[in-house]
Structure formats: C-alpha cells, structure tokens
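Asks: Structure below; questions to follow.
The values are calculated or read from the model by the stated rules, or taken from the named source; none is laboratory data. Given the structure is predicted, the values throughout are model-derived calculations rather than measurements. Heads up, the Cβs are rebuilt from the backbone with ideal geometry, glycines too, and the neighbour counts pull from every protein chain shown. SASA here: full protein model, heavy atoms, side chains in, ligands and nucleic acids out. Shrake-Rupley method; radii C 1.70, N 1.55, O 1.52, S 1.80 Å.
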Amino acid sequence: MNAELSELLRRHGGLLTWAAAVQVVPEWTLRRACGAGSLLRVLPGVYVDARLAPPPSAPPGLPPNAPPLARPTVPPSVPPSASPLVPALARLPPELRHRAALAYGDGRAALGGPTALHTWGVRGQPDGEPVHLDVPAGSGLRSRPYLVLHHRRGFRPVPPHALNRRGVSVVRLERALVDAWPLLPTVDRPAPLIRAVNDGLTTPARVRSALAGTPRLTRRAELRALLDRLAAGCRSPLEVWGHDHVFTGPAMPRLRRQFRVRIEGRTMYLDVYAERERVDFELDGATAHGEPGQREIDLRRDALLATRGILVVRFAHRRLVREPNRVRAEVLAILAARRSGR
C-alpha cells in the first residue's frame with residue numbers, strides 16, 4: 001500500500017472517506033489500493049484497512065468453517081434490497097462498524113435504536129443486527145445492506161437530540177430506549193430499560209416523556225406497563241413478574257418496592273416490604289442466590305434485619321413463576337399472622 005495512504009489510515013484508526021483521502025493522495029492511489037485488496041469499501045465513500053475486516057467466509061459471530069455465503073441473521077428492519085452476501089460493513093468490529101456508519105452520515109447522523117443502546121452500555125448489540133442511524137428527514141441518505149436509517153423530522157445530531165459518547169454521536173438514551181423497543185426480540189425488550197434505570201442513567205419519568213413524543217410506537221402499551229412497574233419500584237424482570245402475578249390485587253395491602261433501610265452503617269434495599277407487618281419478601285433469581293457465597297451473604301443480611309424485627313421471607317424464581325397463586329396465598333397468610341401477633 002502507498003506509504004501516504006497507509007499513514008492516513010493509521011492516523012484515522014483504519015477508516016477513511018474518499019472525500020478526505022483525495023485531499024492528500026491522488027484518486028488513482030485509492031483505486032489501486034482497492035483493486036489490490038488492501039483497502040475495503042464498506043459503504044459509499046467510506047473505506048477501511050482491509051486487514052481490519054475478516055474474510056467473507058468467516059464474518060463475526062460465525063464459526064471458521066461456515067459456508068462462504070453464510071450470513072448473519074438480519075431482522076425484518078433491514079431493507080429488502082440488502083445483499084444476500086455478507087455485507088462488508090458486517091465484517092467489521094463493532095466500534096469500527098459504528099464509525100464507518102457515521103462517516104457515511106457525513107456529520108448528519110447519530111447512532112440510534114439498538115445501536116445506541118450498545119454505545120450507552122445497556123445492551124450489547126449482536127453481530128447479526130444491522131447498524132441503526134438517525135438522520136434528518138430529507139437528508140438524501142438511504143439505508144444500505146446492514147445499515148438501517150431512520151429519517152426524523154427536525155432531527156440534528158447535536159444536543160438536545162444527540163450527544164457525544166465514547167467519541168461518537170449517539171441519540172439520547174431515553175430516545176434510544178423508546179425507538180429500540182419494537183425492534184428488539186420480545187424476550188430482550190425489558191432488560192435494557194431495567195438496566196438503564198438500575199444504573200442511574202435515566203428514570204421512568206424521563207423515558208415516559210420520550211415515549212409521549214411517539215404516540216404510534218408499536219407495542220407502546222407494553223412499554224408503558226413496564227415503565228409503571230419501574231416507577232413502582234420494581235428493579236428486575238422477576239420483580240415485575242411478582243408485581244403482576246403475586247403482590248397486587250384484591251386483599252393485598254400496599255407494599256413498598258426496593259424499600260431502603262440502614263442498619264449498623266449498612267444500607268439495604270428490600271425487594272417487597274410490608275411496612276406495617278415488618279415483612280420483607282425477597283425474590284431470589286434463578287442463579288445468583290443459589291451460589292454458596294451469595295447464600296452466606298443472604299443469611300447474614302437476613303440476620304441483621306431480624307435484629308430490627310423484620311422477618312425475611314424468600315421465594316425462589318421457580319416457585320414465583322410456576323406457582324404464583326400458591327405464593328400469593330402464602331404471602332397473605334404470613335401478613336395476616338403478623339398482624340394478629342401469631
């Protein structure tokens with residue numbers, strides 16, 4: 001490869017646009033590098049050092065012995081014109097893939113939807129999913145294989161619409177959570193929102209405000225229901241399940257979610273707390289609470305709560321999901337016994 005072109009690629013992290021490169025090297029240098037296979041065109045006007053992209057026969061996420069025309073699973077949001085071959089963009093590592101997509105946007109785009117969730121750190125985007133970009137309506141840009149563009153009226157890749165995070169332009173987290181909701185597989189939808197709230201990156205109220213600007217969002221009612229659960233204090237999919245199937249309804253008193261208590265300098269959050277009866281119902285996940293180390297931590301925590309007269313009752317994931325009616329009956333019986341002093 002031409003020495004000047006090689007230095008340009010090194011300075012720009014292995015990625016160049018044609019417009020920027022021809023300011024330094026002649027066009028024939030770029031064409032020769034492409035012809036020799038040392039420079040790879042991944043999008044119109046966007047090129048990367050070919051050494052950074054695995055060969056088509058082994059794209060990311062596929063085994064080395066995959067057939068040459070094997071391709072990642074692409075959801076229905078990919079335009080019908082997408083090539084049946086593995087797109088060059090799909091062969092890049094995630095961060096380089098995102099930079100290439102933004103370079104194609106030429107300063108008019110921000111990472112959006114599921115790709116923005118990846119950048120915000122609340123959901124890793126699998127290699128089989130396309131890159132999503134938000135661009136202004138009327139920008140003239142269009143979707144490409146493995147690249148889905150969302151044309152937004154009034155959008156600009158600057159605050160308040162977008163921010164710079166990890167060196168790339170990305171839409172605000174609340175916007176990304178709302179836009180990604182109908183694009184994600186059903187089982188994957190709650191986790192990014194729950195994690196974002198748990199990590200203090202956003203609040204249910206802020207996401208609800210973003211949702212208000214998208215009245216026709218697919219499966220909007222499901223997202224609103226989850227936001228209601230998070231606003232009520234639920235902080236895990238299991239707690240959401242418990243809220244819907246066990247801890248609400250006729251005869252059930254008002255219960256506090258993630259109730260904060262401090263004992264001997266230690267702060268604890270009680271999953272579901274009956275304040276009058278002083279009972280803490282803990283919802284133990286399917287894996288972590290079964291480990292010996294975690295079990296010891298739980299026992300010490302329960303003993304500390306007992307010094308303040310708080311009874312801890314634990315329900316395993318299996319029982320909550322498979323026997324919600326029986327668990328509900330036990331909860332009511334325990335609360336009745338505590339109120340009567342038995």
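Asks: Using a Gaussian network for the chain with springs between C-alpha atoms less than 10 Å apart, which of these wobbles most: Glu277, Glu239, Glu264?
Replies: Taking springs between Cα atoms under 10 Å, the residue moving most is Glu264.
Asks: I need the phi-derived Karplus couplings for region 109-118: 6.51 cos²θ - 1.76 cosθ + 1.60, θ = phi - 60°, integer Hz, Gly and Pro marked x.
Replies: Rounded to whole hertz, the list is 10, 9, 4, x, x, x, 5, 5, 4, 4.
Asks: Between beta-carbons, use under 12 Å as the cut-off and find the net charge around Glu4, counting Lys and Arg +1, Asp and Glu -1.
Replies: Its environment carries a net charge of +1.
Asks: Of the residues Arg97, Arg328, Arg11, which exhibits the maximal mean-square fluctuation in a Gaussian network model of the chain defined by a 10 Å Cα contact cut-off?
Replies: Answer for the Gaussian network model of the chain: Arg11.
Asks: Counting Lys +1, Arg +1, Asp -1, Glu -1, what net charge surrounds Leu238 among other residues with beta carbon under 10 Å of its beta carbon?
Replies: Net of charged neighbours comes to -2.
Asks: Within the chain, what whole-number % of the accessible surface is contributed by carbon and sulfur, with the 1.4 Å probe and all protein chains included in the calculation?
Replies: In the chain, the share of accessible area belonging to carbon and sulfur is 53 percent.
Asks: Over its Cα atoms, what ratio of radius of gyration to 2.2 N^0.38 Å does region 200-342 give?
Replies: 1.15
Asks: If you don't mind, another one. Taking springs between alpha-carbon atoms closer than 10 angstrom, which of Ala109, Ala20, Ala101 fluctuates most in the Gaussian network model of the chain?
Replies: Ala20
Asks: With an 8 Å cut-off on Cα pairs and a minimum separation of 6 or more residues, tell me the relative contact order of region 157-310 in percent.
Replies: Dividing the mean separation by the residue count of region 157-310 yields 13 percent.
Asks: A further question follows. For the chain, give the share of DSSP beta bridges that are antiparallel, in percent and rounded to the nearest 5; count only bridges with both residues there.
Replies: If we restrict to bridges inside the chain, about 65 percent are antiparallel.
Asks: Could you derive backbone 3J(HN,Hα) for region 182-197 from the dihedral phi with the Karplus parameters 6.51, -1.76 and 1.60 (θ = phi - 60°), listing whole Hz in sequence and x where the residue is Gly or Pro?
Replies: Whole-Hz 3J(HN,Hα) from phi for region 182-197: x, 8, 7, x, 3, 5, 8, 5, x, 4, x, 5, 4, 5, 4, 6.
Asks: Enumerate the amide H contacts of Val312 below 5 Å, restricted to partners 5 or more residues apart or on another chain; note that Pro and chain-start residues carry no placed amide H.
Replies: Residues meeting the criterion, in which the H sits 1.01 Å from N, are Asp280.
Asks: Across bins of 10 angstrom width beginning at 0, how are the C-alpha pair distances of region 109-190 distributed, in whole percent?
Replies: Spelled out bin by bin, region 109-190 gives 19, 54, 25, 1 percent.
Asks: Could you give each residue of region 227-232 its phi-based ³J(HN,Hα) in whole Hz, using Karplus coefficients 6.51, -1.76, 1.60 with θ = phi - 60°, and x for Gly or Pro?
Replies: Each residue's phi maps through the Karplus curve to give 4, 4, 5, 5, 5, 6 Hz.
Asks: Let me understand the chain better: what is its radius of gyration from the alpha carbons, and its Dmax, in angstrom?
Replies: In Å, with Rg to one decimal and Dmax whole: 25.8, 89.
Asks: Can you pull the three principal axis extents for the Cα set of region 87-135, in Å, largest first?
Replies: 25, 22, 13
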